[in-house]
Amino acid sequence: MTLIRRHRNLFKYSLDALGRYRMRGAVVVVTFLIATTMISAVLFTKDGLEREAEYSVNAAPDLTIQYLKAGRVVPIPAAIGEVISGTEGVERVLMRTWGYAGIGQYTFTVIGLDLQGLDLTGGAMGAIESGRFLTPDDAGTRNIVIGKLIAGMLDLKTGDDMILLSESVEATRFHVVGVFSDQSSIYTADMIIMPLEDANAFFNMPDGYVTDFAVYTKPGADAGEVASRMSTIPNVRILDQDILLRGYKAAYGARGGVFTTLWTILLAAAALIAFSQAVVVGHESKFEVGLLKTFGFSTLDIVEVRLIESLIMGFFATSLGMLIGYAYAAFFNAPGLVDILLGWAFLPKEFRLPVFVSAESLLSIYAVTVIPLLVTTVVPAWLNAITDPEIAMRRGTA
Amino acid sequence: MRRITIVAVLAIALTVAISAISFTDEAGWRDGGGSAMTIREVVGLPSIAIGTNYEGTRNPLLEMYVRPLYDIPGGYDYAVPSSFIGTPLGIPAYRETIPEFNITIKKG
């Protein structure tokens, strides 16, 4: 009971000290607030982008087969699909034609799906806000499903017609049968999905050619082994999920890394400010420490007081900074900072930035803010506390 | 309650709040993406809709691998010239010369 009362009194004393040295507290809180707001907005966004990329790669075909000619990617003959289908371990091969189409200054992704071979039993309707998804009956009808970004930019709704110009400068009219929902916009915002036949016609693909093949392996089959069995097929290049995921993580991780480096420098500056404040106040508190020791405070009590002060300041500033950073990224799309992650990319207002507060990032931020703050405030306090009280008071008044 | 006590209470409350957000996000992540996964599985394009004004970033997985491995020198990467130089379709003056073309022609 006495022990609890003692710690409670030390806690109350720490709060009083926080009030007494409020200028030091304010300087530390503001510097840490700025630093953690910036880094958390970038880290949470980076985590969000990585997570979304991981979702997409996990949902991607086990293998993507491209065709190389003179070292360059060109359309792949559809006939090769039969050879790939015959490979041991392959369950399904789907043809795919996809590419880009420009509307104004923007570029959108046009995807032609092999509707005959698709498994639609999972229900793609969940991602549709209005209208419907494509069915095998849509082949050759120029029916399309569009993303929310395109719908918003062109004021399109289900039932409207739109024209796209191809690279061969041919205008093709399409009929919108569905619009994707907000929930899927991180994936579908810029998509125009149409039947494979219509995409082939739109891109003016040579007869019997598609962009690539999506290959699904049998359950239990190792995608790497299946890929190795295809190595004798001429001109093909095989990409597996792992290579795609590593590519994504490298892209976003490297960009996030540049910012993290800059932030580390900023944090070092913040820690120095905290240390400088601790030293300035330490001079004032020398007398106080000497007095406390005269009244019977132990060295441990004094360290505990400073520890409590630093913990309150550190957790208050860091947690508040992270919450502001989270709101800045999640609700305002992190203007300014997000450019570091996205490079030349832009974020249309139609969709929200994916923000993910990972436990790893959370602990990392606490580790690099609270611990240095503890060190820079507790160490000077400990040095004062181990000094003889009389000398400490004399130094304090000097 | 004293003003300075509020700071201590807030420190705990804010820490709990951000930890709760993290816990929720982590739990959602383990859920595997939920209904949003279906459309990704159907489409099968392993990318996200970031960077729609630069083709290379829409599908960094495919295009970015092409560039370092096979396309220097030589410039297969059509995405770069189209982003920097622009295509006829990206120029308003060009589009306006196409009779009656205004992207959307008929409202349903």
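The values are calculated or read from the model by the stated rules, or taken from the named source; none is laboratory data. Bear in mind the structure is a predicted one, so any value in this text is a computation, not a measurement. Here the Cβ positions follow ideal geometry from the backbone for every residue, glycine too, while neighbour counts run over all protein chains shown.
Quick look at the values:
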item	result
Residue ID - farthest from the other protein chains (Cβ to nearest Cβ), chosen from residues in segment A:195-204 that are closer than 14 Å to A:Ala101 by Cα and surrounded by fewer than 21 Cβ atoms within 10 Å (Cβ to Cβ)	A:Ala201
Which listed residue, of A:Ile163, A:Ile192, A:Ile150, A:Ile186, is more than 10 Å from chain B (Cβ to nearest Cβ) and either at positive phi or of a type outside the set (D, E, K, R) (or both)	A:Ile192
Within segment A:1-102, helices (runs of 4 or more DSSP H) holding 3 or more residues that are free of Cβ contacts under 8 Å to residues at least 24 places away in the same chain and either of a type in the set (Gly, Ala, Ser) or closer than 30 Å to A:Leu291 by Cβ (or both)	A:2-20, A:22-59
Sole exception among (1) closer than 20 Å to A:Ser184 by Cα; (2) more than 9 Å from chain B (Cβ to nearest Cβ); (3) modelled with pLDDT of 85 or more for A:Glu129, by number	(3)
Test for A:Leu15: is it within 22 Å of A:Ala317 (Cβ to Cβ) and at the interface with another protein chain (Cβ under 8 Å from one of its Cβ atoms)	yes
Residues of segment A:331-360 satisfying the condition of being modelled with pLDDT of 85 or more and surrounded by 20 or more Cβ atoms within 10 Å (Cβ to Cβ)	A:Val355, A:Phe356, A:Val357
Test for A:Asp190: is it surrounded by 17 or more Cβ atoms within 10 Å (Cβ to Cβ), closer than 22 Å to B:Leu45 by Cα and at pLDDT 85 or above	no
Qualifying residue in segment A:55-66 (condition: surrounded by fewer than 22 Cβ atoms within 10 Å (Cβ to Cβ) and under 30 Å from A:Arg173 (Cβ atoms))	no
